Structures are given as C-alpha cells and as structure tokens.
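Remarks on the structure that follows.
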Amino acid sequence: MGHKYIVGFILTHFYRILRVFPNSDPLMGFILPAAKREKWWKAPLFAFLAMATFDLISGHLGIWTIITSVTYAAIALSYTFLLKGAKPSLSTYIPAGIAGVIAFDTITGPLMSTFLFSQPLWLSVLGQVPFTLMHIVSASFSILLITPFLDKAVMEEASGLISAAISHMKGWRIEA
C-alpha cells in the first residue's frame with residue numbers, strides 16, 4: 001500500500017486521539033481509495049488494524065473492539081468489489097462513504113446496543129441519529145481532505161474544482 005497508507009495509519013490514530021467531536025473518524029478517507037485501487041485484502045486490513053490498534057492504544061480493548069474492527073473490515077471488503085468498476089471521483093467516494101457510515105453506525109449502534117445491552121431498538125435508533133450525523137460530516141470531510149492524496153484522478157478533479165472556484169471568485173467585486 002506504500003508509505004502514504006503507513007503515514008495515514010499513524011495520522012488516523014493522532015486525529016482520533018484529538019476527539020474533535022464524538023466519532024471523529026478519518027477512516028473512510030483511506031478505506032475508499034484503498035478499496036478502489038489496492039488488492040482486495042488491503043482496505044479491510046487497514047480498517048481492521050486501525051480500529052483494533054486504536055482501542056489497544058487507548059486502553060479500550062474488549063468485545064466492542066472485535067465488533068467495530070470486523071464491521072469496518074467487512075464494509076471495506078464490500079467496497080473492494082463495489083468500487084472496482086466505478087469512476088474514481090468525489091461524487092463516487094462521498095456517497096459511498098456516507099453509505100458505509102450508515103451501515104457501520106447501524107450495526108455498531110442500534111443493533112449491537114439492543115443485542116448486547118438489551119436496550120430497546122427504538123431508543124437506540126433515536127440516540128444514534130445525532131451521533132451518525134456527526135459521523136457522516138466527519139467522514140465526508142475526511143474523504144474531501146484525504147482521498148485526493150491517495151487517488152490521482154480525484155486529485156485532478158479537486159484541482160479542477162479549486163481552479164474553477166478561484167476563477168469564478170476573481171470576477172467578484174466588493175463595493176462599499
């Protein structure tokens with residue numbers, strides 16, 4: 001996967017330690033381009049190890065480590081098949097990231113809370129909504145920020161969007 005993913009693995013841990021807000025999660029920014037561009041096992045391995053080692057570092061190893069690590073790895077594995085024929089672009093990665101977050105949060109939130117803690121499903125879903133919305137924002141931000149550095153086609157797309165925005169803003173005039 002190269003040095004970009006090793007550096008990304010380390011930066012993912014530092015970013016998650018900062019806990020900008022709950023579920024501050026840059027993983028989709030790395031998982032999606034790896035699933036698209038790398039061998040089938042690399043994105044799931046990245047996802048699994050990122051989740052498991054963070055729990056190890058933060059001292060939170062337990063059943064939740066297994067659940068979250070396996071869930072993220074399964075989502076990454078599914079993307080290795082779903083994204084192979086897709087066009088590499090932000091309009092591909094962002095909806096995929098949102099779908100992955102919703103799947104992850106549904107499995108690790110309401111479903112597991114109900115199963116492990118006998119919490120009513122409706123209560124788990126209700127509590128999960130704001131958490132998932134923050135997770136979607138975090139994942140979308142990480143896709144916009146990280147993915148262009150891992151996927152050349154997305155970097156070209158992002159550069160074109162930035163150039164177009166700058167060109168458009170040059171025509172703006174502020175009148176006093």
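Side notes on the structure shown:
Conditions tested, residue by residue: (1) in contact with a Cys (Cβ under 7 Å, 6 or more places away or on another chain); (2) without any contact (Cβ under 8 Å) to a residue 40 or more places away in the chain; (3) surrounded by 18 or more Cβ atoms within 10 Å (Cβ to Cβ); (4) not small (Gly, Ala, Ser).
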{"residue": "Thr106", "(1), (2), (3), (4)": "no, yes, no, yes"}
{"residue": "Ser113", "(1), (2), (3), (4)": "no, yes, yes, no"}
{"residue": "Ser142", "(1), (2), (3), (4)": "no, no, yes, no"}
{"residue": "Thr147", "(1), (2), (3), (4)": "no, no, yes, yes"}
{"residue": "Gly160", "(1), (2), (3), (4)": "no, yes, no, no"}
{"residue": "Ala164", "(1), (2), (3), (4)": "no, yes, no, no"}
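- Checked against the criterion of being touching an Asp or Glu at 6+ places or on another chain (Cβ under 7 Å), closer than 25 Å to Leu145 by Cβ and among the polar types (S, T, N, Q), the candidates Ser78, Ser69, Ser58, Ser89 yield just one match: Ser89.
- Sole residue being of a type outside the set (Lys, Arg), out of contact with any His (no Cβ under 6 Å at 6 or more places or on another chain) and within 16 Å of Thr71 (Cα to Cα), chosen from Thr147, Thr114, Thr92, Thr132: Thr132
- Number of positions in segment 11-23 that are farther than 16 Å from Ile146 by Cβ and part of a helix (DSSP H, G or I): 1
- In segment 11-40, the residues that are surrounded by fewer than 13 Cβ atoms within 10 Å (Cβ to Cβ) and farther than 18 Å from Ala76 by Cα: Phe14, Ile17, Leu18, Arg19, Val20, Phe21, Pro22
- Check on Ser113, touching a helix residue (DSSP H, G or I) at 6+ places or on another chain (Cβ under 9 Å), among the polar types (S, T, N, Q) and over 19 Å from Ser142 (Cβ atoms): yes
- Condition check for Ile75: over 16 Å from Ser142 (Cα atoms), surrounded by fewer than 18 Cβ atoms within 10 Å (Cβ to Cβ) and not polar (S, T, N, Q): no
- Unmet criterion (only one of (1) buried (at least 16 other Cβ atoms within 10 Å of the Cβ); (2) of a type outside the set (Gly, Ala, Ser); (3) over 26 Å from Gly8 (Cα atoms)) for Leu90: (3)
Here, each number is a calculation from the coordinates, and none is a lab measurement. None of these values were measured; they are calculated from a predicted model. Note: ideal-geometry Cβ built from the backbone for every residue, glycine included; neighbour counts use all protein chains shown.
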